[in-house]
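Following: one structure in structure tokens, then a few remarks.
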């Protein structure tokens, strides 16, 4: 179970046995049924999830309508970036799409591990860098994709292509 987490972490950067033992001591396993809200909009969430089995989605609520932002699947990490790393209220919700098994660690655990282990600090920096690159790629895709690609994006976001065009025109 935890082997997959450690394989994912070591694929990003090698961790010492001591670091892995300390990470292991911080982990909590949890099972959530489908449609469980893990992070609520407005909540300061200090939890990061590693998905062992199942799927999650992150979404925003605007004018009583849900807009899916991204999906997370097995062997991926999930958290509200602004809430977890910025300690501010989450602008989004994260929910399970199906019965989901996760490993959880908290921001406090991450901070303690980074202070104690240099390799964990390097890992944290690489995860943050990857997150920023992913966000920037998403912004670029939304602004510069061709019409067929935008149709896909509109569908993904749950809006019509015309609404997406109006949104883009206002930017």
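The values are calculated or read from the model by the stated rules, or taken from the named source; none is laboratory data. The model shown is predicted, which means the values in this text are computed figures rather than measured ones. Glycine gets a Cβ as well: all are built from the backbone with ideal geometry, and neighbour counts include every protein chain shown.
Brief remarks follow.
- Of the residues 154, 147, the single one that is modelled with pLDDT under 90 and surrounded by 15 or more Cβ atoms within 10 Å (Cβ to Cβ) is 154.
- When 72, 76 are checked against the criterion of being closer than 15 Å to residue 12 by Cβ and either at pLDDT 85 or above or touching a helix residue (DSSP H, G or I) at 6+ places or on another chain (Cβ under 6 Å) (or both), 76 stands alone in meeting it.
- In the set (1) loosely packed, with under 15 Cβ neighbours inside 10 Å; (2) modelled with pLDDT under 95; (3) closer than 29 Å to residue 46 by Cα, residue 85 fails one condition alone, (1).
- Applying the criterion of being assigned to a helix (DSSP H, G or I) and under 20 Å from the mean Cα position of the chain (by Cα) to the residues of region 96-112, the residue that is surrounded by the fewest Cβ atoms within 10 Å (Cβ to Cβ) is 108.
Matching residues to (1) under 17 Å from the mean Cα position of the chain (by Cα); (2) free of Cβ contacts under 8 Å to residues at least 40 places away in the same chain; (3) closer than 23 Å to residue 9 by Cβ; (4) not in a strand (DSSP E or B):
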{"position": "23", "(1), (2), (3), (4)": "no, no, yes, yes"}
{"position": "29", "(1), (2), (3), (4)": "no, no, yes, no"}
{"position": "44", "(1), (2), (3), (4)": "yes, no, no, yes"}
{"position": "50", "(1), (2), (3), (4)": "yes, no, yes, no"}
{"position": "56", "(1), (2), (3), (4)": "yes, no, yes, no"}
{"position": "67", "(1), (2), (3), (4)": "yes, no, no, no"}
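- From the options 48, 76, residue that is in contact with a strand residue (DSSP E or B) (Cβ under 7 Å, 6 or more places away or on another chain) and buried (at least 16 other Cβ atoms within 10 Å of the Cβ): 48
- Residues satisfying the stated conditions in region 1-13, i.e. surrounded by 12 or more Cβ atoms within 10 Å (Cβ to Cβ) and either out of contact with any strand residue (DSSP E or B) (no Cβ under 6 Å at 6 or more places or on another chain) or modelled with pLDDT of 95 or more (or both): 2, 4, 6, 8, 9, 10, 12, 13
- Pick from region 73-89, criterion within 22 Å of residue 109 (Cα to Cα) and part of a strand (DSSP E or B), ranking: nearest to the chain's Cα centre (by Cα): 78
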